[in-house]
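Report on one structure; see the data block that follows.
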Amino acid sequence: MSVPVLRLGDVLIASIQAALTDRDLLQLRDDLSDQVGRFRARGVIVDVTALDVLDSSAIRTVRDLAHTTRLRGARTVVVGIQPEVAFAMVQLGLTLEGVATALDLDEGLALLRQEDA
Amino acid sequence: MTGHLSEPLRACLPVREELDIVLARTCARELARRGGFPDAATEAAATAISEVARNIIVHAGMGEILLEVVKERGRRELVVLACDRGPGIPDLDRAMLDGYSTAGGLGLGLSSARRLMDEFHVVSRVGKGTVVTMKKWAA
Ligand SMILES: Nc1ncnc2c1ncn2[C@@H]1O[C@H](COP(=O)(O)OP(=O)(O)O)[C@@H](O)[C@H]1O
Ligand SMILES: [Mg+2]
């Protein structure tokens, strides 16, 4: 299963599914990094709404994604962390370490625009 | 939304590939829901199950997960057993530490599973395998 990356102006949007394998995720990281360069994207939104848990492996993946795209020069925002998921994360002491988060896609886009201004 | 235990709430799931991790937590959620568990307890258990299931795949290759909702001392509990016949864990104390990984992981799986559950216990024999037993209470 590969992850479609949508393009909205100079923002790329990738939605992560629960059933992605590690290989899919590496593929996504490379795709995103590639497309940030190709389309000169200023921002990337990683949508995790479909993830039913953010366990340590998902956290690492999302963090890696965000760091990679940031290194390529795109602001990266993670959106769609469900309240129950956030609750479990806090209990875990897991954090996204400096990765910006927003409630949903709209807020994520607003955040990116704000930073552009 | 029954909250009764009229039928056995139990499942035995093979863990061989990454999709099985998703299946295990989906099944656990369904059992917890039928057992009347609160959402926060259910999600905590689902996350812990995800960790031990992934450990089976990454560190042992394959194994299985047993799930059961039982009534113990008047309280409902979700009991989780994660078993494998993999290489075992030579230094369990270290393996339980935050940040300790022999596989380039975050090393937070076992320690966070322990934090997320109400009871947590590992038995492991080098060369024989590992059994993680964990329980989440309904209240
Ligand atoms: N089922 C298992 N079989 C063998 N070793 C395991 C198993 N589960 C955990 N371990 C060992 O314990 C260490 C810590 O596990 P964990 O906290 O989940 O971190 P990670 O999976 O990120 O390495 C692993 O790196 C591995 O060495
Ligand atoms: Mg692990």
For a quick size check, give me the Cα extents of chain A along its three principal axes, largest first, whole Å. 37, 32, 21
For B:E7 and B:V131, what is the calculated FRET efficiency with R₀ set at 35 Å and r taken between the beta-carbons, to the nearest 0.05? 0.85
Could you work out how far helix A:22-38 tilts from the main Cα principal axis of chain A, as a 0 to 90 degree angle to the nearest 10? 20
Provide the net charge surrounding A:R70, with neighbours chosen by a C-beta distance below 13 Å and charges set as Lys +1, Arg +1, Asp -1, Glu -1. +2
Where a Cα-Cα gap under 17 Å defines reach, which aspartates and glutamates qualify for B:K128, not counting those fewer than 8 residues away within the same chain? B:E64, B:D84, B:D91
Helix A:83-92 sits at what angle to the longest principal axis of chain A, using alpha carbons and giving 0 to 90 degrees rounded to 10? 70
Chain A - mean residue ellipticity at 222 nm from DSSP helices (-39,500 (n - 2.57) per run, n ≥ 4, rounded to 500): -15000 deg cm²/dmol
Helix-only estimate, please: 222 nm mean residue ellipticity of chain B, summing -39500 (n - 2.57) across DSSP H runs of length 4 or more and dividing by its residues, to the nearest 500. -10000 deg cm²/dmol
Please check which bits of region B:36-69 a label hung off A:E107 would reach, taking the label as a point 7 Å along Cα-to-C-beta and the cut-off as backbone N under 20 Å. B:40
Farthest toward the dipole's positive end in the protein assembly as shown, which of A:G93, A:G43, B:A11, given Cβ charges of +1 (Lys, Arg) and -1 (Asp, Glu) about the Cα centre? B:A11
Relative contact order (percent) for chain B, with alpha-carbon contacts under 8 angstrom and 6 or more residues of separation? 25
Just need the relative contact order of region A:5-108 here, percent rounded to a whole number, with Cα pairs under 8 Å and 6+ apart. 28
Non-local amide H neighbours of A:A50 (under 5 Å, H modeled in plane, Pro and chain starts lacking H): which ones? A:I16
Which residue, chosen from B:L116, B:A139, B:M62, occupies the Cα position most advanced towards the positive end of the dipole of region B:54-139, where the dipole is computed from +1 (Lys, Arg) and -1 (Asp, Glu) charges on Cβ about the Cα centre? B:A139
One quarter of the convex hull surface, Cα atoms only: what value does that give for region B:47-139 in nm²? 5.7
Taking the Cβ of B:L108 as the centre, find all other residues whose Cβ is under 13 Å away and add up their charges (Lys, Arg: +1; Asp, Glu: -1). +1
Helix A:56-71 versus the longest principal axis of chain A: what is the Cα-based angle in degrees, 0 to 90, to the nearest 10? 20
Calculate how many DSSP beta bridges within the protein assembly as shown are antiparallel, expressed in % of all such bridges and rounded to the nearest 5. 75
Can you tell me how much longer the chain between A:R70 and A:A19 gets when fully stretched, taken as 0.36 nm per residue apart minus their C-alpha distance, in nm with one decimal? 15.9 nm
Here the convex hull volume per residue of the protein assembly as shown, taken over Cα atoms and given in Å³, is 124
For region B:66-139 and region A:1-36, compute the distance between their C-alpha centroids and round to whole Å. 32
Which order, highest average first, do B:50-57, A:76-83, B:99-106 follow once you tally other Cβ atoms within 10 Å for each residue and take the mean per peptide? B:50-57, A:76-83, B:99-106
Hey, got the average number of other protein chain Cβ atoms within 10 angstrom for residues in B:41-50? 6
Based on Cβ point charges of +1 for Lys and Arg and -1 for Asp and Glu, what charge dipole magnitude is obtained for the protein assembly as shown about its Cα centre, in debye rounded to the nearest 20? 360
How big is the dipole moment of region A:5-108 about its Cα centre under a simple scheme where the beta carbon of each Lys and Arg is +1, that of each Asp and Glu is -1, and everything else is neutral? Debye, nearest 20, please. 540
Using label points projected 7 Å from each Cα along Cα→Cβ, tell me how many nm separate A:R7 and B:V79, to one decimal. 5.6
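Bear in mind that the values in this text are calculations on the coordinates, not laboratory data. The shown structure was predicted, so the numbers you read here are calculated from the model rather than taken from an experiment. Every residue, glycine as well, gets a Cβ built from its backbone with ideal geometry; the counts of neighbours run over all protein chains shown.
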